[in-house]
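No lab work stands behind these numbers, since they all come straight from the coordinates. Everything numeric here is computed off the predicted structure, so don't read it as measured data. Here the Cβ positions follow ideal geometry from the backbone for every residue, glycine too, while neighbour counts run over all protein chains shown.
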Ligand code: C5P
């Protein structure tokens, strides 16, 4: 089921969680599986694109033919994306990137002290989607994801503007079959031009194909 629609085009996808090391045996992470981003990468590969998948720690299998760049931390994901984005036609940032990392990395395992509490100081990680948005050319199409628990649509629209993205895919949390780890997802897509797509629950692989096809439609329109 591979076709030539995107022959010669380059696509960049981020997927999975990031792990932010605290000491040699501990990290701060999240429950992202990477399934959604891998499904998007596969959809673009099947349209004939050259696909670079910058993947955080994920146990999910990645279909052959996709170039996988394995990373662990947000900083590593940022560095990989900054190197690849300028030469990319379309990008989808679907990774669940940690917003913060420990300010210092302890060289030795941190020991507990009797009844004392414990504080880890955190600092901000770079925002990869925003950094790509800041250097995006008119010929490039950039898509981000959003996961919100309140004022979903308002926040998604704010993200679209603030990060200079062309589309934001809002994950619904109002459905137990949507989100982290599941094989299905329910999304609302906000386009820069104001168009809103409310898609019912569907498999992540179907969603990947339909998102890729919507992006192909957009990049062809803008030519
Ligand atoms: O601001 P927020 O984290 O809600 O934005 C989510 C979107 O931004 C997702 O597309 C995510 O992949 C991206 N992001 C990023 N780098 C970060 C934080 C989020 O690329 N440090």
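Using 13 Å as the cut-off for backbone N distance, which residues of the range 68-88 belong to the label zone defined by a point 7 Å from the Cα of residue 21 along Cα→Cβ? Within reach of a label on residue 21: 72-76.
With neighbour counts taken as other beta-carbon atoms within 10 Å, the residues 162, 202 rank, fewest first, as 162, 202.
Taking other C-beta atoms within 10 Å as the exposure proxy, 31, 100 rank 31, 100 from fewest upward.
Report the full-extension gain for the segment residue 155 to residue 112: residue separation times 0.36 nm, less the Cα-Cα distance, to one decimal in nm. Could the numbers behind the result be given before it?
Numbers: separation 43, 0.36 × 43 = 15.48 nm, distance 3.93 nm.
Taking residue 155 through residue 112 to full extension adds about 11.5 nm, to one decimal.
A prolate overall shape is assigned to the range 82-122, the ratio a/c of its alpha-carbon gyration tensor axes (a ≥ b ≥ c) being 1.5 or greater and a/b exceeding b/c.
In terms of the ratio Rg/(2.2 N^0.38 Å) built on C-alpha atoms, what value belongs to the chain?
Numbers: Rg = 18.0 Å, N = 223, 2.2 N^0.38 = 17.2 Å.
The value comes to 1.05.
The antiparallel fraction among DSSP beta bridges confined to the range 62-216 stands at about 60%. The angle separating the long axis of helix 35-46 from the principal Cα axis of greatest extent in the chain is about 30 degrees.
Remark: the residue 121-residue 67 segment gains 15.9 nm on full extension, using 0.36 nm per residue and subtracting the alpha carbon distance.
Please give the helix 204-221 orientation as an angle from the longest Cα principal axis of the chain, in degrees from 0 to 90, rounded to the nearest 10. Between helix and principal axis, roughly 60 degrees. Angle of helix 74-84 to the longest C-alpha principal axis of the chain, folded into 0 to 90 degrees and rounded to 10: 30°. GNM on the chain, alpha-carbon springs under 10 angstrom: the most fluctuating residue among 188, 18, 149 is 149. A crude spin-label estimate for the pair residue 105 and residue 217, with each label 7 Å from Cα along the Cβ direction, gives 4.4 nm. Using a Gaussian network model of the chain in which every pair of alpha carbons under 10 angstrom is joined by a spring, one finds that among 147, 170, 129 the greatest mean-square fluctuation is at 147. Between 163, 204, 139, the residue with the greatest mean-square fluctuation in the GNM of the chain (Cα pairs under 10 Å linked by springs) is 139.
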